[in-house]
1. Any residue at all in region B:439-455 that is more than 14 Å from chain A (Cβ to nearest Cβ), touching a strand residue (DSSP E or B) at 6+ places or on another chain (Cβ under 9 Å), within 16 Å of the ligand (Cβ to nearest atom) and within 28 Å of residue B:267 (Cα to Cα)?
2. Return a yes/no flag: does region B:578-585 have any residue that is in the same structural domain as residue B:453 (by TED's automatic domain parsing), at negative phi and either crowded, with 19+ Cβ neighbours inside 10 Å or assigned to a strand (DSSP E or B) (or both).
3. Can you confirm whether residue A:382 is facing chain B (nearest Cβ under 7 Å), in a helix (DSSP H, G or I) and more than 22 Å from residue A:416 (Cβ to Cβ)?
4. Confirm whether residue A:351 is facing another protein chain (nearest Cβ under 10 Å) and among the charged types (D, E, K, R).
5. Would you call residue B:316 within 16 Å of the ligand (Cβ to nearest atom) and either within 23 Å of residue B:432 (Cα to Cα) or within 35 Å of the chain's Cα centre (by Cα) (or both)?
6. Does region A:315-333 contain at least one residue that is at pLDDT below 75 and either more than 10 Å from chain B (Cβ to nearest Cβ) or crowded, with 22+ Cβ neighbours inside 10 Å (or both)?
7. Scan (1) farther than 23 Å from residue B:333 by Cα; (2) modelled with pLDDT of 90 or more for the single condition residue B:431 breaks and write down its number.
Amino acid sequence: MSYQTIRKPNQGVDWMLIILYITLMLIGWMAVFAATYDDTQPSIFDLDKSYGRQFLWILGSLLLGGAILLTDSKFYTTFAYGLYVLVLLMLAAVFVIGTAKHGDKNWIAIGSFQLQPSEFAKFATNLALAKFLSGLTINMKDLKTRFIALGLFGLPALLVLLQGDAGSTLVFLAFFLVLFRFGLPGSYLLLGVYVIALSVLSLVFDKLYIVTALILISVLLIYLGRRSRTQVFIVVAAFLFSIGYVFTTGYVFDKVLEKHQQDRVKVLLGQKVDVKDADYNVRQSKIAIGSGGLWGKGFLKGTLTKYNFVPEQSTDFIFCTIGEEYGFWGSTLLLLLYLTLMLRILFIANRQRSRFSTVYAYGVAAIIFFHVLINVGMTIGLMPVIGIPLPFISYGGSSLWSFTILLFILIKLDGDRLAILR
Amino acid sequence: MTDLYQSRRNVLQYVIIGVIVIFIVRLFFLQIVNKDYQQLAKSNVLREVTVFPARGLVFDRNGKLIIDNQKEYDLWVVPNQVKDLDTAGFCELVGMSDTSFRRTFDKAVKYSRFKPSLIAKGLSVDKYASIQEELYLFPGFYGQVRTVRAYPFKSAAHVLGYISEVNQKQIERGGGYYKSGDYIGTGGIEQSYEKELRGIKGTRFVLVDVHNREQGSFNDGRFDTAAVPGSNMVSSLDIELQGYGEKLMKGKIGSVVAIEPKTGEILSMISSPTYDPDLLTGQDRAKNFKVLLNDSLKPLFVRPLKAAYPPGSTYKPSLALVGLQEGAIDYNTTYPCPGAYYVGPLRVGCHHSGFVPNVAVAIQFSCNSYFCNTFRRLVDDKPFKTVGEGVDYWKKMMATLGLGVKTGIDLPNEGYGYLPDSKYYNKIYGPKGWNSVTIVSLGIGQGEIGETPLQMANVMAAIANNGYWYTPHVIRKVADSDSLLKQTIVKHEVPIDSSYFRMVREGLERVVEAGTATVAQIPGTKVAGKTGTAQNPHGEDHSIFVAYAPVDDPKIAIAVVVENSGFGSRFAAPIASLMIEKYLNDTISAPRKYLEERMMTSTLIQ
Ligand SMILES: [Zn+2]
């Protein structure tokens, strides 16, 4: 390591990120206010309503961000694995003491405060991955290195999946993009696609058919590659993995997913049409956004919002409120804000001198990107109905705080980029 | 560190830009190019309409409809949908005064601009039909149909109950079923069978245009849930008998309870003064309720279930049964009555005097001396170490006849009546301060003792059955089911030998044959019964009569209480016997017509 002088906490801070961050949070607060507005309780600070509570979450986030700026960035490089293990333990603890909320068994209740470990798993995994990829002897051409890298985010993803939080699981696939950037062969991206395809197929078809198909394909592949020991090994491993995955998915789907979640998936797959939830939500969401027109209906004037026509309005479907009340210009502006944020993060990634910071920054961009992709895509009918929050905008403390931590660690690492060479 | 994959540096950047561009293009089509969504949102508002199920109907034992449904409309408003309101025109159309409209409308606006509020309620079908044609002129206002109760026979108000708007407590206790403005059964059958009668609410999603006219169901009703109508129920009431009894009780305060002994089915239950149950439905409900509530004669009070009277002599059969079972007396126990019962300084008068040869004759002449003696022998009997133990035994045995406890009838707010125990007397007199003499008035059904008219009739049913009774009930079964409801077939065996019941029955038969209630004789039907007079410190005594008939195959057991009417034989016995005759023979025999006439015309209420 190298020299270090005493530095002010705000030294080298990327103010553009901070301004984007605060702007998004304020937009979110207004949107939550509009989405859950109750004219019998019109104060935006009313703690009985989600908008009042969101204000508290925002205050908490600012404190949290400030606290992170006060820390030493060495802390994150040193304890990356420690934090990762801690989060894994918390994820495991959920199975023991988790309290079911909204059907997802992924909350830990401490007193009246509820923590969602799967939210915090994202930054911890990102740290661990950054640490691993910044190792001096790392060579992505090495098969073992690839598997460890995949395992680093595969493990928390699996734990989250077992808790029935399909949305957060998908977000972990964002790390494929990070690994790709740092040398994972492009063919591995197919693995991610394969996993998604497999989960969908195993829900649509009987397990027997899938297993039969897998056996046939594997036998064919082994026959074709019988001369190469490695290929046979890979095919057998992939086969076992697939079988295991198919049964886990089925199990998770039947035993862990609540009925309304099962319904959502089934609607997407066209298996079941007589449910109100998913199909109905998307239709209402599209009407709400579409009815916003060019200029929108104006603050608090969104009628569809007011009639609760779009459920989960303040969390997963918050983008509807913006689309309805601010129209095309408003929703486009929001998307451009996100674009600016992500490009800025990637710009920051490329200016780092430490590989740790670069990898971490890529991770942050990829995670935010996946959230925006899935969430906005869902509300405008381009993606399946998967409940994950819109970063910095959706109502909820766990999500807001975890994004704050994710972002501020980056800001801190970036602020120290000139001071330390790792 | 060298970057081996410099070429991949900008891939993520391009992917992100690509996705955001795709999204913006998609939004462009969704929000600007495609006008369908704006049209859908603007002109077709999706409204969630609660479908209220038809409440179950109730029939009497002969299949006559006694609780019916009628359609009624409520007018609602969603303030932010109201445009260019012509207040005068609206008031004229609906028939509201300008001030009351403004008051309710302002309240609605204050409550919420987006949520519907009630503007006018209880409009009849005809009235709504005339309004509906022009309602489109008033956007934001719409009607919602609701059914209200109708009571074709206009009687049995206390048994049937009524429906009223739910209060906050009921909403909280309703497990999420009730919303503010919903209706719930209150009192009577409507309350105790609320769950069966109310059915299950449904939901309909309808598209309405800017004029609030329904444009059809959303997605062909795919998201709708149908309302499940409430169950129709069959009551045990004989509505003709009920109406007849109400006529007989007119102008009097009191109760009539008639039970079919073999089943425990309530044939009629009258609380007088009564009221027209239709008063508590429809538009003027609240006003009428207030009038009834403030009436000094308390027409809303359910006397047969709640009012506890000292049973007087009507209680002597119960005492005889317990005395016989315990062994304090036997059939041949005699007592020479000198016209009063003397013990120490105490004297309990008796209307009769002479030698009483057995318990049946004692009942026949309602000899006070005999039963004071019986009561003291009972509580002072050898097996009991103290008189307290004796009293507690007495109370326990009375409970097996349904006295001092709730009978368990399927109507809300049943009273216990009242029977004292040793604890009660210990508290008043101290553990050593009382003996059987102190409490001898319990021997003649006066003092610290109270029975509800329902309990009185129920004891008669137990005697008529030679020692068992079924939990009294007013609902037999669900209309299209073959089996009776299980709560209606709860049998209570009285732990008293049936031979003792026969002795008491002999006495009760003698009462009507040649005792204190010859007025209750019905040509061609043998009646057994017992008169009683409940002492009333506030005015003239209450007249009581309990009976069953016909004696060899009892089909009806009855208790009649007429307040402030003197001896049991004056009003209670005639009314009871007329009820019995009406129920068994359907007509009143010629020689008893004068009695019917007299009962129907006499008024005891000043
Ligand atoms: Zn006597």
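1. Our first condition is that a residue be more than 14 Å from chain A (Cβ to nearest Cβ); within region B:439-455, this holds for B:439-455.
Among the residues that remain, those that are also touching a strand residue (DSSP E or B) at 6+ places or on another chain (Cβ under 9 Å) are: B:440-441, B:443-446, B:448-455.
Applying the additional criterion that residues be within 16 Å of the ligand (Cβ to nearest atom) yields B:440-441, B:443-446.
Filter once more, keeping what is within 28 Å of residue B:267 (Cα to Cα): B:445.
Scanning region B:439-455 turns up at least one residue that is more than 14 Å from chain A (Cβ to nearest Cβ), touching a strand residue (DSSP E or B) at 6+ places or on another chain (Cβ under 9 Å), within 16 Å of the ligand (Cβ to nearest atom) and within 28 Å of residue B:267 (Cα to Cα).
2. Filtering region B:578-585 down to residues in the same structural domain as residue B:453 (by TED's automatic domain parsing) leaves none.
No; the residues of region B:578-585 include none that is in the same structural domain as residue B:453 (by TED's automatic domain parsing), at negative phi and either crowded, with 19+ Cβ neighbours inside 10 Å or assigned to a strand (DSSP E or B) (or both).
3. On the way: facing chain B (nearest Cβ under 7 Å): yes; in a helix (DSSP H, G or I): no; more than 22 Å from residue A:416 (Cβ to Cβ): yes.
The answer is no for residue A:382.
4. Details: facing another protein chain (nearest Cβ under 10 Å): no; among the charged types (D, E, K, R): yes.
It is false that residue A:351 is facing another protein chain (nearest Cβ under 10 Å) and among the charged types (D, E, K, R).
5. Numbers: within 16 Å of the ligand (Cβ to nearest atom): yes; either within 23 Å of residue B:432 (Cα to Cα) or within 35 Å of the chain's Cα centre (by Cα) (or both): yes.
Yes, satisfied.
6. Here is the first cut: in region A:315-333, the residues at pLDDT below 75 are A:315.
If we keep only those that are either more than 10 Å from chain B (Cβ to nearest Cβ) or crowded, with 22+ Cβ neighbours inside 10 Å (or both) as well, we get A:315.
For region A:315-333, residues at pLDDT below 75 and either more than 10 Å from chain B (Cβ to nearest Cβ) or crowded, with 22+ Cβ neighbours inside 10 Å (or both): present.
7. Checking residue B:431 against (1) farther than 23 Å from residue B:333 by Cα; (2) modelled with pLDDT of 90 or more, the one that fails is (2).
Each row is one residue, and each column tells you yes or no for (1) closer than 25 Å to residue B:570 by Cβ; (2) part of a loop (DSSP other than H, G, I, E, B); (3) not assigned by TED's automatic domain parsing to the domain that holds residue B:319.
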{"residue": "B:492", "(1), (2), (3)": "no, no, no"}
{"residue": "B:495", "(1), (2), (3)": "no, yes, no"}
{"residue": "B:500", "(1), (2), (3)": "no, no, no"}
{"residue": "B:503", "(1), (2), (3)": "no, no, no"}
{"residue": "B:512", "(1), (2), (3)": "yes, no, no"}
{"residue": "B:516", "(1), (2), (3)": "yes, yes, no"}
{"residue": "B:519", "(1), (2), (3)": "yes, no, no"}
{"residue": "B:532", "(1), (2), (3)": "yes, no, no"}
{"residue": "B:536", "(1), (2), (3)": "yes, yes, no"}
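The values are calculated or read from the model by the stated rules, or taken from the named source; none is laboratory data. Treat the numbers as computed from the prediction; the structure is a model and nothing was measured. Methodologically, a virtual Cβ is constructed for each residue, glycine included, from the backbone with ideal geometry; neighbour enumeration extends over all protein chains shown.
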